[in-house]
Amino acid sequence: MIVCIPDLLTGKELDYLEKALSVADFADGRLTAGWHAKLVKQNQQLSKTPDTEALKDFVRKALKRNPLFQAVARPRAIHSLLISRYQEGMSYGRHVDNALMKSSGFLRSDLSFTIFLNSPDAYEGGELVIEGADSETPYKLAAGSAIVYPSTSLHRVDPVVSGERLVAVGWVQSLVRQAERREILFDLVTAQRSLFAKEGKTDEFDLLSKSIANLLRMWAE
Ligand code: NI
């Protein structure tokens, strides 16, 4: 399941981030790639300083308060956050994200996300392309929007032809490890909310709520 989340960040938050990033130091992105992803990774990422940790916290908070992100990802941990910059000619070739990432101990990547920090009009090219079994789909979202996709997929960032692409990327270790189960829960919660909006707290609503809670008890780890 691939889900786009509109307006994860407000205009005010984007202004603040853009201003902070315009004077921040960026380092070679290959520092945080696995040995084979290093071969195709060509971008820059925000250097680690106390100031940049505060910026990442800011992004993490936006994810935590967003109900759609919570319903899609059911995060146990949001981790390994990076703020990346692609200038003219930069790209990130086809790769799969590392399954385990070092944090305090190792955390699993179940879902990957990209938050677009500047306008798609600010750069040409630079699409995030996610591969399916026999198809591929390019994504280039509005500033402040996010895409969440399974970390199991091959993906790439096409070369930026002109301008500059700014994104925050990161990973989620989910309470519900299997994507199929997360999708079932997401569909049931969507139906539950819609039923409540139409008819209130009916007998059917109570049964649906019971099933969602009991599936979570079975599947959460
Ligand atoms: Ni990736």
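The values are calculated or read from the model by the stated rules, or taken from the named source; none is laboratory data. Fair warning: this is a prediction, and the values are worked out from it, not measured in the lab. In this analysis, Cβ positions are derived from the backbone assuming ideal geometry, glycine residues included, and neighbour counts consider all displayed protein chains.
Numbers below:
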{"read-out": "Filter result for the condition that a residue is within 24 Å of MET90 (Cα to Cα), of a type in the set (Asp, Glu) and within 16 Å of the ligand (Cβ to nearest atom), over ASP121, ASP158", "value": "ASP158"}
{"read-out": "Residue within region 165-185 that is away from the ligand (no atom under 13 Å from the Cβ), farther than 19 Å from ARG108 by Cα, of a type in the set (S, T, N, Q) and in a strand (DSSP E or B) present", "value": "no"}
{"read-out": "Filter pass, VAL169 being modelled with pLDDT of 95 or more, assigned by TED's automatic domain parsing to the domain that holds VAL72 and more than 19 Å from the chain's Cα centre (by Cα)", "value": "no"}
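For every residue, the table says whether it meets (1) part of a helix (DSSP H, G or I); (2) modelled with pLDDT under 95; (3) of a type in the set (Gly, Ala, Ser); (4) under 17 Å from the mean Cα position of the chain (by Cα).
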| site | (1), (2), (3), (4) |
| --- | --- |
| TYR16 | yes, yes, no, no |
| LYS19 | yes, yes, no, no |
| LEU31 | yes, yes, no, no |
| THR52 | yes, yes, no, no |
| ALA62 | yes, no, yes, yes |
| LEU68 | yes, no, no, yes |
| ARG76 | no, no, no, yes |
| SER80 | no, yes, yes, yes |
| MET101 | no, yes, no, yes |
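So that you can scan it fast, the table gives a plain yes or no per residue for (1) surrounded by fewer than 20 Cβ atoms within 10 Å (Cβ to Cβ); (2) within 15 Å of the ligand (Cβ to nearest atom):
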{"site": "HIS36", "(1), (2)": "yes, yes"}
{"site": "VAL40", "(1), (2)": "yes, yes"}
{"site": "PRO50", "(1), (2)": "yes, no"}
{"site": "GLU53", "(1), (2)": "yes, no"}
{"site": "LEU63", "(1), (2)": "no, no"}
{"site": "HIS95", "(1), (2)": "yes, yes"}
{"site": "PHE106", "(1), (2)": "yes, no"}
